[in-house]
1. Just to be sure, is residue 88 more than 18 Å from the chain's Cα centre (by Cα) and β-branched (Val, Ile, Thr)?
2. Can you tell me how many residues within segment 196-222 are part of a helix (DSSP H, G or I), crowded, with 17+ Cβ neighbours inside 10 Å and in contact with an Asp or Glu (Cβ under 8 Å, 6 or more places away or on another chain)?
3. Give me the pairs, please: first residue somewhere in segment 311-334 and closer than 20 Å to residue 34 by Cα, second residue anywhere and assigned to a loop (DSSP other than H, G, I, E, B) and not aromatic (Phe, Trp, Tyr), beta-carbon distance under 9 Å, and either six or more positions apart or on two chains.
4. Can you find even one residue in segment 151-167 that is over 30 Å from residue 203 (Cβ atoms), hydrophobic (A, V, I, L, M, F, W, C) and in contact (Cβ under 8 Å) with a residue 24 or more places away in the chain?
5. Go through 63, 4, 80 for me and flag whichever is surrounded by fewer than 21 Cβ atoms within 10 Å (Cβ to Cβ), at pLDDT below 90, hydrophobic (A, V, I, L, M, F, W, C) and within 17 Å of residue 323 (Cα to Cα).
6. Regarding residue 159, is this residue assigned to a loop (DSSP other than H, G, I, E, B), buried (at least 19 other Cβ atoms within 10 Å of the Cβ) and in contact with a helix residue (DSSP H, G or I) (Cβ under 8 Å, 6 or more places away or on another chain)?
7. I'd like the full set of residues that are modelled with pLDDT of 90 or more and either crowded, with 18+ Cβ neighbours inside 10 Å or on the phi > 0 side of the Ramachandran plot (or both), limited to segment 41-57.
8. Could you figure out which of (1) among the charged types (D, E, K, R); (2) in a helix (DSSP H, G or I); (3) crowded, with 17+ Cβ neighbours inside 10 Å isn't true of residue 266?
Amino acid sequence: MTNLIFLLALGSLLTFLLAWGFAHLPGERWQILAVLPVAKDDEGRWLGINLTYYGLFIATGQLFAVCLLLVLLGSARISLAGAVTATVMLLLVCIPAARIVAIAVEKKRHTFTVGGAAFVGIVLAPWLILAVERILQTQFPCNLPVLPVLAAMATAYTLGEGLGRLGCISFGCCYGKRLEDCSPLVRKVFSRYPLVFSGQTKKAVYESSLAGEPLVPIQAVTSIISCLTAMVASLLFLRSHFTAALVVSIGVSQLWRILSETLRADFRGFSRISAYQKMGGLAVAYVLVITLLFRAPPLGDPNIGHGLRQLWHPGIIISLQALWLIFFVVFGRSTVTTARLSLDLVRDRL
């Protein structure tokens, strides 16, 4: 019953966040969160660095993902020290990979790719888990079974992908095709709920001149599919179906990535089949091979209450706050927009 209550509460929270985001984030108001003045120009105005809602939602999505990862692993009584070590090491690789892969594929320095970072993480994760377990076992007993840990990581990644797409809506990136350029079936499906962006600094506007155009709401659909997949995978994990949770998470998220790119209008590389679509297909095949190489050991029935209690530790709470801040600093500082500020006094309040 505790597991079911947890999933219902998580599902309710996700429903509220997604519904609010789809309704408000395409507007111009919801791109820039704050501006930090750093220097003055020749006219005496401040030049500023823009901090974006994109960074806020990416950081928050990753925070939710790491929390879900720790809760799922804790519910199965898998080593917290090993899980945290493996997660930190994986993030140290995946965070820079988000920019490095984008530079390699799109030839642009000022962009990120979640898909590229995810592919790198999927490839490295099994072997990183094995390495961490062997290293820590030289110091103390460490239970870090590969398949359950991979299943928890994949489930958490899918949740982070779903919430992170709210950031894409806010910034106007990863945008869909114009509905009028799509097939009659696509127009019929999405005509009632298109995304319409406003504001000259939205990527869909400055890159493709799509201000005010009804677009396929591909970011919103990806959010819904990813969050639903994370919920289903969490349920499978909590019923000890670790292999199924892993295959569902990676299978749905990566196959949808392949399909969804056929409805996107943003630049995805120079080939007809994008590098990200190829990565998605390879990731699914790779995970299927991993499920043949490893078997999930019997761990008993996971209990979400035990996992939640593990989060309530000062060290974990402070570490999660620091992680959120790191993600926000890395992904929230806009390098493609700037700001000019004029400061003045409110004379009638002096």
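1. no
2. 4
3. Short answer, once both residue conditions are applied: 334/31; 334/110; 334/201.
4. yes
5. None of the other options fit; the residue is 80.
6. So residue 159 does not fit the description; no.
7. Hits for segment 41-57 are 48, 50, 51, 52, 53, 54, 55, 56, 57.
8. The one condition residue 266 does not meet is (2).
The values are calculated or read from the model by the stated rules, or taken from the named source; none is laboratory data. Here the structure is a predicted model, which is why all the values come from computation and not from measurement. Glycine gets a Cβ as well: all are built from the backbone with ideal geometry, and neighbour counts include every protein chain shown.
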